[in-house]
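Since the structure comes first, as structure tokens, the remarks are kept for the end.
Each reported figure results from applying straightforward, stated rules to the coordinates on display, with no laboratory input. It should be emphasised that the depicted structure is a prediction, and the values quoted were computed from it without experimental measurement. Every residue, glycine as well, gets a Cβ built from its backbone with ideal geometry; the counts of neighbours run over all protein chains shown.
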Amino acid sequence: MNHAILKSSILMLVFTAISIFFVAGTNQNTIDKIQSNEKEYLLSQLNQLVPNYENDILGDAYTKNVNLYGVEQNLTIYPAKKGNKINAFIIDHFYPKGYSGKIRLISAISSDKKFIGMRVISHKETPGLGDGIDVRKSNWIHQFNNLPINQFDFNQWKLKEDGGQFDSMTGATITSEALVNASSELISLFENNEIK
């Protein structure tokens, strides 16, 4: 009887070891694929904002620790260059106060002081309402494209219902306001030379 228990225990141990091996292998392959897909998506969004650069934009990226939106965060900054001159800064940041939590964004600001635009990299906003911030769902975010910031007026960088220049998404005022605030505070930081 002890021999049967020992044999069963050894078989269970071997089965468990083989299962762990396959699960670990699958997990590693999945992580690598997810990271590769995230990198491709980020690059596609960078290219949408600033398509004509000549440098290795991912390789030239650097980080900067700043207090943004009342939160300490490490910004990743992608300098878009032509020749040796930086034409634009694309800033990877997050806004902590979306309707459903943190919204990860990239925002592009040109060296000649234009807010080129922004794209949402990840969010948890309500499907069918707040997810309209995603360029794959609607064109709402395009209203931020190519706005001059050298005469930046905080009174206009608000939703229309608050006396500003930006439309809000129907049923998603908090999400709309989150992106307006995110861009406004980022521009302020840029203008104070705290990002470059």
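Points to keep in mind about this one:
- Taking every DSSP beta bridge that has both ends in the chain, the antiparallel portion is near 95%.
- Which of ILE121, GLN143, GLY98, positive extreme of dipole for the chain (C-beta unit charges): ILE121
- A Gaussian network model of the chain, with springs between Cα atoms under 10 Å, assigns the largest mean-square fluctuation among VAL71, VAL135, VAL180 to VAL71.
- Counting all C-alpha pairs of the chain, share separated by more than 19 Å (%): 65
- Here the extension length gained between PHE15 and SER138 equals 39.3 nm, from 0.36 nm per residue of separation less the Cα-Cα distance.
- Between the alpha-carbon centres of region 31-53 and region 117-194 there is a gap of 21 Å.
- GNM flexibility winner over the chain from ARG119, ARG104, ARG136 (Cα, springs under 10 Å): ARG136
- Long-range HN-HN contacts of VAL135 with modeled amide H, under 5 Å: VAL120
- Tilt relative to the chain, helix 2-49 - C-alpha long axis, 0 to 90 degrees, to 10: 20
- Bridge orientation summary for region 84-196: considering DSSP beta bridges with both residues in this region, about 95 percent are antiparallel.
- Taking amide H as placed 1.01 Å from N in the peptide plane, LYS81 has its amide H under 5 Å from the amide H of GLU54, ASN55, ASN87, each at least 5 places away in sequence or on another chain.
- Expected 222 nm ellipticity per residue - DSSP helices of 4 or more, -39500 (n - 2.57), all of the chain, to 500: -12500 deg cm²/dmol
- Our estimate of slack between LYS97 and ASN52, defined as 0.36 nm per intervening residue step minus the Cα-Cα distance, is 13.0 nm.
- Of the GluC sites (Glu not before Pro) found in region 51-128, those in coil by DSSP whose Cβ has at most 14 other Cβ atoms within 10 Å are GLU54.
- Förster-model FRET efficiency, 35 Å R0, SER188 and GLU40, C-beta, rounded to 0.05: 0.65
- Amide H contacts of PHE94: LEU105, each under 5 Å away and 5 or more positions distant or on a separate chain (H built 1.01 Å from N in the peptide plane; Pro and chain starts excluded).
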